[in-house]
Structure formats: C-alpha cells, structure tokens
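The values are calculated or read from the model by the stated rules, or taken from the named source; none is laboratory data. Quick caveat, the model's predicted, so the values are computed rather than measured. Note that we place each Cβ from the backbone using ideal geometry, even for glycine, and neighbour counts take in every protein chain shown.
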Amino acid sequence: MARGQNPGSEAPATLAQNLVHTLARERVIPRFVDSYVVENGRHALQVHAPLYRDLLTMLQREALLAACVRALEITTFETVESSRGKQRVIIRKGAESFRRRFLSALARQQNWNAGDALDFQSDLKMYEDLLARAATSRRPRKPYEAANHPFVDRCAFLLDSEFLEKARLAASRALASVEEIANRAATEAIAER
C-alpha cells in the first residue's frame, strides 16, 4: 500500500512534527526561563547572549525529552477495564513499531546524525527508567512541591544550581505545560492511528 493511502503509518511522523512545532510555537522554555529570571531576580542568567542561547537550547532538548516520554506513554499503553470492573494497563498493538518510526521521524526532522539520535534515545530510556521506578511510590503532589521527574531535576540544575529548590518549582510548572502539549499531540496521533 502506498504511503499516502495508509494514514496510520504517518501517525508517528505527525506526532514527532507536532511535538517539536508546538513546543517551539508556544515558547514553553523561553517563557519558563524568563519568568524564573523575573520572579527570582536572577538577571545574570540573561546577561550573556551566547550563554543564554545555549541554556535555552539545552532546556529545549530536555522539554522535547519530557514530551516524547509522555507522548510515547500515551501511544504505547492503554487502560482496559475487565468484566469485574478492575482496570489494567496493557501495551497497544504495534507499539514497538510505532516507537521506532516515531524516533526515526524525530531524528530526520531534527537533522540529527546517528550519534545525536543515539544520545537522545539513551536519554529517553533513562527518563523512562527513572519514571518507572518513581511510579511505584507515586502520590498526589502538593501545589508547593516540585514534581518527582527527571525533567525537573535536570532543568533546575542547568537553570540555576545555586537556588535549586526554586528552580525545581519553576521547572515543575514548565513540566505541566510540556506534558499538556504531549497529551494533545498523542491523543491526535491515537485518533489518526
């Protein structure tokens, strides 16, 4: 079947494109950094333009990682209710193929070489492993607590290691925006599939 005739085969590429474009369009990371600078008076973070651009680039990559983890979680697993009313999580049919095509499409779209793609996949796997370990001890988070997520920790350290707890709280708010974007994109990809 030709590529244009099977819309389900285009879902991974569309998901990759939507994640990248929506993160850039909604300016989640620049707004996160700018609001952190203003709220905490850390204007030194923006003084040197090249360093500021590098910071935004690194944080944008972390946001893409967090969005990919959330989107792959939604597109890979589904909750099924049994006849007794119990819910269980199962892996969707074709999930591994979807994941491979998604990561391949993301690498092509970002113009990564093989090393860059492998680095991203390694970090993605690390995110997934850390989140799987933390899932066993999940409890509702209080509004004043930082999320227990690798994105929060890594972004806080990159952003402002001197005021780590303030940076973690700000990163938690940014994580909520990133995951909302991933939820919307993944829901659209499932519908297209």
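Only helices (runs of 4 or more DSSP H) wholly contained in the range 20-129 count here; list those with 2 or more residues that are more than 21 Å from ASP153 (Cα to Cα).
Here the list reads 49-76, 95-110.
Check ARG193, ARG138, ARG154, ARG168 and return the single one that is at pLDDT below 75 and surrounded by 15 or more Cβ atoms within 10 Å (Cβ to Cβ). It would help to see each step written out before you state the result.
Details: ARG138 fails: surrounded by 15 or more Cβ atoms within 10 Å (Cβ to Cβ); ARG154 fails: at pLDDT below 75; ARG168 fails: at pLDDT below 75.
On inspection, the qualifying residue turns out to be ARG193.
Kindly evaluate ALA182 against the criterion of being over 17 Å from LEU131 (Cα atoms), in contact with a Cys (Cβ under 8 Å, 6 or more places away or on another chain) and in a helix (DSSP H, G or I).
no
So for the range 110-125 (the condition being surrounded by fewer than 16 Cβ atoms within 10 Å (Cβ to Cβ), on the phi > 0 side of the Ramachandran plot and either at pLDDT below 90 or not aliphatic (A, V, I, L, M) (or both)), does at least one residue qualify?
yes
Among the residues of the range 9-60 satisfying the criterion of being among the polar types (S, T, N, Q) and in contact (Cβ under 8 Å) with a residue 24 or more places away in the chain, which is surrounded by the most Cβ atoms within 10 Å (Cβ to Cβ)?
Looking only at the range 9-60, we keep the residues that are among the polar types (S, T, N, Q), and these are 9, 14, 17-18, 22, 35, 40, 46, 57, 60.
Checking which are in contact (Cβ under 8 Å) with a residue 24 or more places away in the chain leaves us with 9, 14, 17-18, 22, 35, 40, 60.
Values: SER9: 17, THR14: 17, GLN17: 15, ASN18: 19, THR22: 17, SER35: 13, ASN40: 16, GLN60: 16.
Result: ASN18.
Taking ALA174 as the residue in question, decide whether it is at pLDDT 85 or above, crowded, with 18+ Cβ neighbours inside 10 Å and over 15 Å from the mean Cα position of the chain (by Cα).
No: the conditions fail for ALA174.
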